[in-house]
Amino acid sequence: MKNLEKYIQIITKNRDFQKLFAARLITLGGDWLLTVPLLGIIYELTENPLITSLVLVVQSAPLFFLGSFGGYLADKYDRKKIIAISEFLSGVVVILILYAVNTENVIFILFSFGMLSVVSAAYMPTSDAALPNVVEKEFLAEANVIFFSSWGIMAGLGAGIGGYLTTVVSRDTLFTIDFLSFVISAFIVFSIKKNLILDSLIK
């Protein structure tokens, strides 16, 4: 019961945590919002399941290889700026992906989608590292549980929304929504009042 009260308090009373968590949900949702449509687009162009599966490879491989570098940046620079820059760059790359899709060049599409993972590689480790900046130590364990549930939540919800929107809106509208999701996420993070800087950098 005591832990439940902590969960409720974090979610309802910690405004900076709410913003960081909301930005994370929006970002992950934006990632998955593109994945399902791109799987359909690549399969439509190639009718090859193996090539289509490369969408998932180019989505995850850069994160695997560049994740540690993202952690380095999180410990070296202002986390709020890193997250915001990553989000704005992600928005720009979404426009590149749309252009690539319109060319119907499969290699260009896969490359541009991979670039989305490259420019956002610093986001996840930096967002994780920022959690102690917005949550008091006594609530950190519960905050981590909430925070790290976000991937699973948005993997299902974001992919589902992406699949649904593919059937009801135009391709340009879908990409515009995704572009705006990254921009909105960046502004939400910028509105966090607490410093998202490693203590040793402040001194």
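Starting from the Cα gyration tensor of the chain, multiply each eigenvalue by 5, take the square root, and state the resulting semi-axes largest first in whole Å. Mind showing how you got there, number by number?
Details: eigenvalues 205, 67, 42 Å².
The equivalent ellipsoid of the chain has semi-axes of 32, 18, 14 Å.
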Item to complete: Would you please classify the overall shape of the range 54-107 from the alpha carbon gyration tensor, given that a ≥ b ≥ c denote the square roots of the eigenvalues, rounded means a/c under 1.5, and beyond that prolate means a/b larger than b/c while oblate covers the rest?
Response: oblate
Fill in: Whole-number D in µm²/s for the range 92-196 (Stokes-Einstein; Kirkwood sum over Cα pairs; 37 °C, 0.692 mPa s)
205
Fill in: Cα-based convex hull volume of the range 1-85 per residue, rounded to whole Å³
152
Worksheet item: What is the diffusion coefficient of the range 80-121 in µm²/s, taking the Kirkwood radius over Cα pairs and the Stokes-Einstein relation at 37 °C with a viscosity of 0.692 mPa s?
Response: 318
Worksheet entry | Cα principal axis extents for the range 101-157, largest first, Å | 52, 23, 12
Worksheet item: Which of THR173, ILE188, VAL118 sits farthest toward the positive end of the charge dipole of the chain, with +1 on the Cβ of Lys and Arg and -1 on the Cβ of Asp and Glu?
Response: ILE188
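What value, in deg cm²/dmol to 500, does the helix sum -39500 (n - 2.57) over DSSP H runs of n ≥ 4 give at 222 nm once divided by the residues of the chain? Walk me through the intermediate numbers first.
Working: 10 runs with 175 residues, N = 203.
Mean residue ellipticity at 222 nm (helix-derived): -29000 deg cm²/dmol.
Using DSSP to define loop residues, name the GluC sites (Glu not before Pro) in the range 115-188 whose beta-carbon has at most 15 other beta-carbon atoms within 10 Å.
Details: sites: GLU136, GLU138, GLU142; in loops: GLU136.
Of the GluC sites (Glu not before Pro), the ones in loops of the range 115-188 whose Cβ has at most 15 other Cβ atoms within 10 Å are GLU136.
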Fill in: GluC sites (Glu not before Pro) within the range 1-102: DSSP coil, no more than 11 neighbouring Cβ in 10 Å
GLU47
Worksheet item: Which angle from 0 to 90°, rounded to the nearest 10, does the C-alpha axis of helix 15-46 make with the longest principal axis of the chain?
Response: 10
Worksheet entry | Using alpha carbons only: equivalent-ellipsoid semi-axes of the range 27-129, gyration tensor based, whole Å | 27, 13, 10
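Assign unit charges at the C-beta atoms only (+1 for Lys and Arg, -1 for Asp and Glu), then state the dipole size of the range 72-203 relative to its Cα centre in Debye, rounded to the nearest 20.
Values: 9 positive and 11 negative charges, 63 e Å.
So the dipole magnitude of the range 72-203 works out to roughly 300 debye.
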Response to the item:
Taking 0.36 nm per residue of separation between LYS13 and SER170 and subtracting their Cα-Cα distance, the length gained on full extension comes to 52.6 nm
Practice prompt. Please give every one of the aspartates and glutamates within straight-line cross-link reach of LYS76, meaning a C-alpha to C-alpha distance under 16 Å, and leave out same-chain neighbours fewer than 8 residues apart.
Written response: ASP128, ASP199
Worksheet, complete the sentence: GNM on the chain, Cα springs under 10 Å; top mean-square fluctuation among ARG79, ARG171, ARG24 goes to ARG171
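Just the ratio, please: alpha-carbon radius of gyration of the range 140-193 over 2.2 N^0.38 Å, N its number of residues.
On the way: Rg = 14.4 Å, N = 54, 2.2 N^0.38 = 10.0 Å.
Computed over Cα atoms of the range 140-193, the ratio equals 1.43.
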Fill in: Gaussian network model of the chain, springs between alpha carbon atoms under 10 Å - residue of PHE139, PHE17, PHE175 with greatest fluctuation
PHE139
Practice prompt. Quick one: go through the range 20-34 and flag any residue whose amide nitrogen is under 18 Å from the point 7 Å out along the Cα-to-Cβ line of ALA155.
Written response: 24-34
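Throughout, read-outs are computed from the coordinates displayed, never taken from laboratory work. Given the structure is predicted, the values throughout are model-derived calculations rather than measurements. Every residue, glycine among them, receives a Cβ derived from its backbone with ideal geometry; neighbour counts consider all protein chains shown.
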